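The values are calculated or read from the model by the stated rules, or taken from the named source; none is laboratory data. Note that the structure is a prediction, hence the values are computed from the model and not measured. Quick reminder, even Gly has a Cβ in these numbers, built from the backbone with ideal geometry, and neighbours come from all protein chains shown.
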Amino acid sequence: MTDSFTTDGVVDNALRFRDDEPHEEPAVTLDSFLGQSNATAVRLETGEDARALLPHLDRLQLIEVSFPVFRDGRGYSAGRILREAGYTGELRAAGDILVDQIPHMRRCGFDSFAPDKPVDAAVLQAALARYDFVYQAAADDRTPVWKLRHG
Amino acid sequence: MYKYDQYDQSIVDARVAEFRDQCARRLKGELTEDQFKPLRLMNGLYLQLHAYMLRVAIPYGTLDSRQMRMLGHIARKYDRGYGHFTTRQNLQYNWIKLEDCGDILADLASVEMHAIQTSGNCIRNISSDQFAGAAADEVTDPRPWAELLRQWSSFHPEFSYLPRKFKIAVIASDEDRAAMRLHDIGMQLIERDGVVGAKIFVGGGMGRTPMIAPEIKDFVPYEDLLSYLEACLRVYNRHGRRDNMYKARIKILVHEIGAEEYARQVEEEFAHVKTLGIDPPRAELDRIAAYFADPAFETGVSDDIDCSDPDFALWLDGNVHAHKRPGYVSVTISLKPIGGIPGDASADQIDLMADLAERYSFDELRVTHSQNIVLPHVKKADLYALWQHLHAAGLGESNLDLISDIIACPGLDYCSLANARSIPVAQKIASRFADMNRQRELGELKLKISGCINACGHHHAGHIGILGVDRKGTENYQLLLGGSGAEDVSLAKITGPGFDEDGIVDAVEKVTDVYLANRAEGERFVDTYRRVGMDPFKEALYG
């Protein structure tokens, strides 16, 4: 992700935690995705059912989930649902995203971010490194403390 | 008492560093108030009318003397020498400076405490029965289950931006001392075929649309509990209303789609979530439960109490609760002195209660949702000495569950949401009924006051409820009758047009007169109301 940082320490608004090449095809709406057979990128608006995508995950390379206002947390569930169903492509959170929300989004399976406002690199790095332990299993590979306690 | 291990401590310490950093960014101007607000609201820091208010979590209302003393220390050092115990079994400081917050959280972390998720649209502090682990009528101690939920809900990545705040209560007896069915999720631990599990109620709450939670599932065993709760929360997070903050609580979702349909959706989600392996093994519950093992109760201790001091006898009659062990009781310390602020305690009183807990109650204290303090395990032989200490410190009020044991929100004296003051009304009512003989004659009478429609003062659940509203720029008080937050849960009904500040005190007196004139043998105020209905009360108030 280091190449996403610009020289003045502010991250540009395409923040990725993936090694593959960014997907170039623009994301289409859910309706048009479901109506055509060849699209590989889709954008989910809040309120749209992430489960509508489950039959098509194998051909998707990018799913963009909209966060129109930071307090609308439906996208966190959408992210987990997609990862729990085995989706491995790029999962992008886009919209009104606060830097302090990105760690939770990472845990819900998001691996790229397109925040409306630029994010401070140092603050983000500190936020991502802050917690050595987590209490619950989620869509990332972190081990919950109950498992550390009981092996 | 639960003790942090290295993982718990690491997480809480990291939170201190994180919030200290967020406060510093705000103080340096790197964050605007708009940007800071969602961050501080995840940590119980509110900007009130006069200052910041910090709400400290007291998980399931249980704490030890070391923690209690720290609350006193913080009151003295960073506040104006007081703490305010809340209906969520938490503690609030009303006069906090932003630049002190990092140090306060560090002080709290040093005694295994925090302010995590005491506000915000997330899962709040888990509440429970103040007599947990002591009550004679419990199936099991609910606190290990509550601690399990505390850990699961802390920094939950999926459920930190819910449509609205989310409150969970866990009890383990038929008698409900925690207003369980007025929570977003209420859990009653029950035993079935020798196995303890949870009966689940979803969609209760107070606020502007009060609702009693319907039963959603008759029995969830430990092995499925977190999966089931995740399913409950996920259905809410995805489908709860976000278009109107007043319709965003889960009770509205459950009401609009119906309890049966909500339960069906939860079952469907649960069938999926259960496959994810997120439920901790039984060994984790056992590990937590070991911390809540009984203290070293003495055996063969006397049940006799010398009641020759009449003031002591009065207190003893009202403020103790049956204990599971012979020779012991649970003691409730009233934080409702006549003319005082309900739930307030001075730093010195907090210290004294800590000392008394150490000396007489195996180092344990509890906070009740009625804003009082409990010493859960007191030997009967020590009661007189204990009472003398309390009495000398102004903590010997013997008004538990009587009309002056009032729940009141901070109201317009502090709160930026309030429409009317609550505290002066509570003080005037308590003063009107200051005569203990009169209070005892009226018997159990739960009076609850909220300074606005958000109902933090539980007015819907009061035998007598009072709601402060703003009527054309003046404070006006509506009277409600017949609510209960206990196992006989019910929602209070409004009597009619409201009253001014003195008028509401008179109105309360009038309805108590109606009760006295109409009661049958053994009836409490609320029983008489339920039998005779609203009319005689209305007639006395408005006729």
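Okay, here's what the table says:
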item: Selected residue (only one of A:D58, A:D140 is of a type in the set (D, E), farther than 25 Å from B:L226 by Cα, out of contact with any Asp or Glu (no Cβ under 9 Å at 6 or more places or on another chain) and surrounded by fewer than 19 Cβ atoms within 10 Å (Cβ to Cβ)); result: A:D58
item: Some residue of region A:105-127 being surrounded by fewer than 20 Cβ atoms within 10 Å (Cβ to Cβ) and of a type in the set (F, W, Y); result: no
item: Subset tally (residues that are hydrophobic (A, V, I, L, M, F, W, C) and in contact with an Asp or Glu (Cβ under 9 Å, 6 or more places away or on another chain)) for region B:455-488; result: 2
item: Residue list for region B:232-252, filter: within 13 Å of chain A (Cβ to nearest Cβ), aliphatic (A, V, I, L, M) and crowded, with 22+ Cβ neighbours inside 10 Å; result: B:L233, B:V235
item: Residue that is nearest to B:R524 (Cα to Cα) [pool: residues in region B:479-512 that are over 21 Å from the mean Cα position of the chain (by Cα) and acidic (D, E)]; result: B:E509
item: Residues being touching a helix residue (DSSP H, G or I) at 6+ places or on another chain (Cβ under 9 Å), within 11 Å of another protein chain (Cβ to nearest Cβ) and under 19 Å from B:I116 (Cα atoms) - total across region B:26-39; result: 4
item: Qualifying residue in region A:81-101 (condition: of a type outside the set (S, T, N, Q), facing chain B (nearest Cβ under 8 Å) and in contact (Cβ under 8 Å) with a residue 40 or more places away in the chain); result: yes
item: Leading residue by the ranking (surrounded by the most Cβ atoms within 10 Å (Cβ to Cβ)) among those in region B:273-288 that are more than 7 Å from chain A (Cβ to nearest Cβ) and either among the aliphatic types (A, V, I, L, M) or touching a Lys or Arg at 6+ places or on another chain (Cβ under 9 Å) (or both); result: B:V273
item: Qualifying residue in region A:70-80 (condition: at negative phi and more than 11 Å from chain B (Cβ to nearest Cβ)); result: no
item: Any helices (runs of 4 or more DSSP H) falling wholly within region B:372-486 and containing at least 3 residues that are modelled with pLDDT of 95 or more, crowded, with 23+ Cβ neighbours inside 10 Å and not assigned by TED's automatic domain parsing to the domain that holds B:S361; result: B:423-432
item: Candidate set: region B:502-526, residues that are without any contact (Cβ under 8 Å) to a residue 24 or more places away in the chain and in contact with an Asp or Glu (Cβ under 9 Å, 6 or more places away or on another chain); chosen: the one surrounded by the fewest Cβ atoms within 10 Å (Cβ to Cβ); result: B:A520
item: Cβ-Cβ under 6 Å pairs, at least 6 apart or on other chains, region B:304-331 side part of a helix (DSSP H, G or I), far side among the β-branched types (V, I, T); result: B:N319/B:T332
item: Filter result (of a type outside the set (A, V, I, L, M) and facing another protein chain (nearest Cβ under 7 Å)) within region A:131-151; result: A:Y131, A:D132, A:F133, A:Y135, A:Q136, A:W146, A:R149, A:H150
item: Subset tally (residues that are over 15 Å from B:S160 (Cβ atoms) and out of contact with any Ser or Thr (no Cβ under 8 Å at 6 or more places or on another chain)) for region A:79-95; result: 9
item: Some residue of region B:231-241 being under 27 Å from B:D286 (Cβ atoms), outside the structural domain of B:H459 (by TED's automatic domain parsing) and over 23 Å from the mean Cα position of the chain (by Cα); result: yes
item: Number of positions in region A:41-55 that are away from chain B (no Cβ under 14 Å) and surrounded by fewer than 17 Cβ atoms within 10 Å (Cβ to Cβ); result: 1
item: Which numbered condition B:Y93 fails, given (1) within 30 Å of B:D294 (Cβ to Cβ); (2) in contact with a strand residue (DSSP E or B) (Cβ under 7 Å, 6 or more places away or on another chain); (3) aromatic (F, W, Y); result: (1)
item: Among the candidates B:R88, B:R124, B:R76, residue that is within 14 Å of the chain's Cα centre (by Cα), modelled with pLDDT of 95 or more, closer than 27 Å to B:A17 by Cβ and of a type in the set (D, E, K, R); result: B:R124
item: Residue satisfying condition, being of a type outside the set (K, R) and without any contact (Cβ under 8 Å) to a residue 40 or more places away in the chain, within set B:Q35, B:Q48, B:Q67; result: B:Q35
